[in-house]
1. Quick one: what pairs do we get from the stretch 46-71, first residue among the hydroxyl-bearing types (Ser, Thr, Tyr), second crowded, with 18+ Cβ neighbours inside 10 Å and in a loop (DSSP other than H, G, I, E, B), C-beta under 7 Å, 6+ apart or different chains?
2. Just a yes or no: is a residue in the stretch 183-191 at pLDDT 95 or above, touching a helix residue (DSSP H, G or I) at 6+ places or on another chain (Cβ under 7 Å) and over 22 Å from His95 (Cα atoms)?
3. Only one residue in Asp259, Asp240 is within 22 Å of the chain's Cα centre (by Cα) and not assigned by TED's automatic domain parsing to the domain that holds His386, so which one is that?
4. Which residue, of Ile254, Ile317, Ile263, is under 21 Å from Gly212 (Cα atoms) and surrounded by 14 or more Cβ atoms within 10 Å (Cβ to Cβ)?
5. Of all residues being over 19 Å from Ser556 (Cβ atoms) and free of Cβ contacts under 8 Å to residues at least 24 places away in the same chain in the stretch 452-478, which is surrounded by the most Cβ atoms within 10 Å (Cβ to Cβ)? Just the residue, please.
6. For Gly139, are the conditions met, namely being in contact (Cβ under 8 Å) with a residue 40 or more places away in the chain, outside any strand (DSSP E or B) and within 25 Å of Asn28 (Cβ to Cβ)?
7. Is one or more of the residues making up the stretch 328-348 part of a loop (DSSP other than H, G, I, E, B) and of a type in the set (Lys, Arg)?
Amino acid sequence: MRYSFTIGLLLFLLINTPSTLHPQTYRNPLTIPSALSGNFGELRSNHFHSGIDFKTQHSVNKPVVAIEDGYVSRISVSPGGYGLALYIDHPGTGHTSVYGHLNSFSDKIARYVVDKQYELERYQVNLHPEEGLLPVKRGEQIALSGNSGSSGGPHLHFEIRDRETEEPLDVLEFIGPIPDNREPDLRGIALYPFDGRGMVNGSSNPLRITLGKDKGGNPLPPVPSLTAWGRIGIGLKAYDRMNGQSNIYGVKHIRLYLDDEQIFASTIRRFSFNETRMLNALIDFAEWREHRSLYMKSFLEPGNRLPFFESTNRGYIEINEERAYRFRYELEDHYGNRLTYPFTVMGVPDRIPQPVPCGHFMSWQFENSYMDPDLSLIIPAGNLYHDICFTHGSRKSNSHYSDIHRLHDTPVPLHRQATLRIRVKSDTLQLKSNYGIVTLDKNGKENWLGGTYLHGGITAHIRELGGRYAVSSDTEAPVITPLQQENWKSRRTIRIRLTDNKSGIASFRGEINGRFVLFSHDSKSTLYSYRLDEARLPAEVPLELTFTATDGAGNSTLYRTVL
C-alpha cells in the first residue's frame, strides 16, 4: 500500500508541477555573467522571437561553449538571418541547441566549413555534418560571439529546440535563473468594436489609450473613462522588465478576467516555425504598420490557429446590460513577478450603425481573387485571418511603366503570400528582366519586389495588403569598387565594396586564375573580403583576380585585375 501511495504521489507531482520549474539541465552558453536583451516569444516583425538574446558586454569575440555533450548537426553561414550559426544535437535529451550571430567557429568546425564552401563554391551554405563527425563536450568552446547576419548589435542568439519537431522552447525553463524581481509593465489598453455589432465610446472605430503612471510607476485608470455597447474585444500594450536592464521583453503569461472569471489567457512556451507569422493575427496589425506600436489582442480572429490560448467565446465580450463590467488584466513573467490592473467598462446603450455595403467581399475561409484589365490578385485560402471588404484604386504615373495601384485601404497581413500581376502599359525595355514591381512609401520612395515578365505583365508575390504598387525598372549594373588595392598583397586580404542602386545583389563570384576563391560578406555591409589562402591558390604568377556580380534585375558587372 505504501508503495502504491508513493507512486501515486510521484505521478501527481509530475502532472501538476508547473513546467516553469524544470531543474537546471544545461549550463550557460557564455562564460560571462548572464544578461538578456531579448526573451522567448517576444513580438518581432512578422514572427515570435524563437530564443533568448544574451548580451555580450557591447563587444564581439566572447567565448561561446556547448551547453551539454553532443555533436554538431547543422552549420549555417548566411549574410542575413542568423549569420554564422551552429546547431548541436544532444542525444538522450530530445533537444537541439542553437547559437546564432557568431563571429567565428572553433578551429575544427571552421576547417570543415571552409572545405565545404570550396567544394560547393559559394559563401552561403547550410551544412548537415554526419552524426558524430564533430562531437563536442559540455563547456567546450565552439565559437566566438559576434554580430553577423540580421543582428542589430553584438549579442548571442540562443535557442533550445525540440529535436524531433524542431519547435523552439522557452530557454529559461532549461537553464539556471537570471536575477529578476521586476513585474511586467502595462503601457496601454485598447477596445475593439466588432464591425456592425459594437460601439466603444460612441464610435465604431478602435479606441487605443496610453496609460499614465503614478509616482511609483503603476498604471493609472484609463482616460477617458470607457463605455461600450454590443460585441467588443479588448487588447493591451505591455512588456516585461528585468533587474538592472533598460531593455523591454515579452510578457510570458497574459490573463484577462471579466467579473472575476477568466475569459482569455495566453502562455507561450513553444511554437512552430510554420505558425510564427500568425503573430500578425494576434497583434493590432494596422496600428503596428502605421505607428510602430504593438498592441496585442485578447481575442482570437477567426483565422488565428495559434495553439497557446485559452478563451471563452474566443475572447469576444457582449456588452448588453446597463452596468459596470469589471475587467482585470494579470501579467506575469517567467519568475512569477505579477502585475494586476483592474479597469471598468460601463455598458451604455448606443445605436450601432449597419456596415456599409461591400463592393468586393473577401472571406478568410476561402480563396479570394480580384481582377481588372490592369491588375490581378489571387489570395489562396488560409492567408487571411478575418473577412475584409477589399478595395482597389489606381492612378496614372509618368515615372512608372504602369499605373500606381493601391491594394486595400488599410494594412492587412497575409499568412503566407498572394500572387499579384500588374500590366505593363509602356512596354519599352528590350531586356524584360529589367522590369520589376516596386512598393511605394508615402514619400514615393521605391522598394524593389521584382517579379517575372510574361505576356505584357509582371507577376510577383506579396505578403500583405494596404500598400501601393507599380512597375518600375532597374537598368543599372552593380558597382564594384576595390578598396586600398595597393595593400592587398602586403595585408594578404582583398577588400571590395559592392553596391547596387535598386534591385540588390542577387549573386557574386570571385576567382583567381579561373579558380573559385571564398569572399565573405554580411548583409549589414557593402564590404566583400577574401583572405589570401596560399594553400589553395594556383602556383602560377601573376595572379589574376576576377570578380563578377549580378543584381536582381539581371544586370551584371565584371571586375578584373592582376595582383
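The values are calculated or read from the model by the stated rules, or taken from the named source; none is laboratory data. These numbers were taken from a predicted model, which means no experiment stands behind them. Here the Cβ positions follow ideal geometry from the backbone for every residue, glycine too, while neighbour counts run over all protein chains shown.
1. Listed by first residue and then by second, the contacts come to Thr56/Lys62; Thr56/Pro154; Ser59/Pro154; Tyr71/Leu134.
2. First, the residues of the stretch 183-191 that are at pLDDT 95 or above: 183-191.
From what is left, the residues that are touching a helix residue (DSSP H, G or I) at 6+ places or on another chain (Cβ under 7 Å) are none.
Within the stretch 183-191, none of the residues are at pLDDT 95 or above, touching a helix residue (DSSP H, G or I) at 6+ places or on another chain (Cβ under 7 Å) and over 22 Å from His95 (Cα atoms).
3. Details: Asp259 fails: within 22 Å of the chain's Cα centre (by Cα).
Exactly one residue qualifies, and that residue is Asp240.
4. Numbers: Ile317 fails: under 21 Å from Gly212 (Cα atoms); Ile263 fails: under 21 Å from Gly212 (Cα atoms).
Answer to the check: Ile254.
5. First, pick out the residues of the stretch 452-478 that are over 19 Å from Ser556 (Cβ atoms): 454-472.
Applying the additional criterion that residues be free of Cβ contacts under 8 Å to residues at least 24 places away in the same chain yields 454-455.
Working: Leu454: 10, His455: 8.
By that ranking, first place goes to Leu454.
6. Values: in contact (Cβ under 8 Å) with a residue 40 or more places away in the chain: yes; outside any strand (DSSP E or B): yes; within 25 Å of Asn28 (Cβ to Cβ): yes.
Taking the combined requirement at face value, the residue satisfies it.
7. Step one: filter the stretch 328-348 for residues part of a loop (DSSP other than H, G, I, E, B), giving 333-337, 348.
Retained after the next criterion (residues that are of a type in the set (Lys, Arg)): none.
Checking the stretch 328-348: not a single residue is part of a loop (DSSP other than H, G, I, E, B) and of a type in the set (Lys, Arg).
Per-residue answers, yes or no, for (1) out of contact with any Pro (no Cβ under 7 Å at 6 or more places or on another chain); (2) surrounded by fewer than 17 Cβ atoms within 10 Å (Cβ to Cβ):
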site	(1), (2)
Asn147	no, no
Leu156	no, no
Thr165	yes, yes
Phe194	yes, no
Ser203	yes, yes
Leu207	yes, no
